[in-house]
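To start, the structure under review is shown below, and the notes come after it.
The values are calculated or read from the model by the stated rules, or taken from the named source; none is laboratory data. Values in this document were obtained by computation on a predicted structure and should not be read as measured data. Please note: Cβ atoms are built from the backbone with ideal geometry, for glycine as well, and neighbour counts cover all protein chains shown. Only protein heavy atoms, including side chains, enter the accessible area calculation; ligands, DNA and RNA are left aside. Shrake-Rupley method; radii C 1.70, N 1.55, O 1.52, S 1.80 Å.
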Amino acid sequence: MVSLRVIDPAKPLSRPPDRVLVAGGSGAGKTTVAGKLAALYELPRIELDELYYGPDWSVRPEFADRVAQAAEGARWVTEWHYPEVNGLLASRAELLVWLDYSTALTMTSLVLRTLLRSLHREALWSGNQEAPLRSVFTDPENILRYGWSTRHETRHELRALARAGAGADPGAPLDMLRFTRPADLSDWLIRLAQGRSTSASRAR
């Protein structure tokens with residue numbers, strides 16, 4: 001059972017985490033933040049979308065098994081995104097970074113991202129491409145419709161995790177940083193980078 005412990009972003013972490021989860025709704029910027037943390041902490045990335053999607057947006061049946069195998073690694077960073085593996089990843093993670101942004105912000109970002117990918121015919125996982133924006137009216141699985149229908153899901157999942165872990169062993173909590181504004185996240189990442197730079201200089 002996982003227990004959550006909310007920590008203050010203004011205070012330095014007790015030590016660099018080896019396994020990090022980045023949570024947030026579609027369009028919050030999970031992938032970007034995971035990439036930045038991978039660079040700062042020199043962590044391998046687990047690309048969940050790449051493990052999940054096959055050609056023509058098919059779902060790989062071995063997805064959960066491959067995530068379980070990857071999660072056994074000593075060091076990694078990935079996104080909190082797929083309910084079927086979130087619990088597994090949370091049980092292995094040491095830090096959870098929650099991008100708890102407003103629906104207006106995440107949906108605006110998601111629309112812009114989808115539009116750009118569609119216009120540029122950007123190749124995504126397994127060579128898949130974003131459907132034209134007009135498919136939001138015809139395709140029930142369109143990413144914009146998905147983003148809207150699941151806009152509160154992460155919040156519900158984390159609250160459920162906190163309730164379920166209320167009586168868990170307090171000796172091994174999952175530390176959680178919650179950001180409600182991109183500016184606060186940026187400030188934290190800047191402080192983190194500065195701290196890492198200072199530590200590296202001292203180690204030379």
Filter the stretch 64-74 for residues that are surrounded by 15 or more Cβ atoms within 10 Å (Cβ to Cβ) and in contact with a strand residue (DSSP E or B) (Cβ under 9 Å, 6 or more places away or on another chain) and give the result. Val67, Ala70, Ala71
Asp169 - would you say it is on the phi < 0 side of the Ramachandran plot, modelled with pLDDT of 90 or more and acidic (Asp, Glu)? no
For residues in the stretch 71-113 being of a type in the set (D, E, K, R) and either under 11 Å from the mean Cα position of the chain (by Cα) or within 15 Å of Lys30 (Cβ to Cβ) (or both), which is modelled with the lowest pLDDT? Arg113
Ser135 being open to solvent by 50 Å² or more (accessible area, probe 1.4 Å), of a type in the set (S, T, N, Q) and assigned to a helix (DSSP H, G or I): no
For the condition out of contact with any Pro (no Cβ under 7 Å at 6 or more places or on another chain) and part of a loop (DSSP other than H, G, I, E, B), what is the one hit in Leu21, Leu13? Leu13
State yes or no: is Leu105 out of contact with any Cys (no Cβ under 9 Å at 6 or more places or on another chain) and open to solvent by 60 Å² or more (accessible area, probe 1.4 Å)? yes
Of the numbered conditions (1) in contact (Cβ under 8 Å) with a residue 40 or more places away in the chain; (2) assigned to a loop (DSSP other than H, G, I, E, B), Pro61 fails exactly one; give the number of that condition. (1)
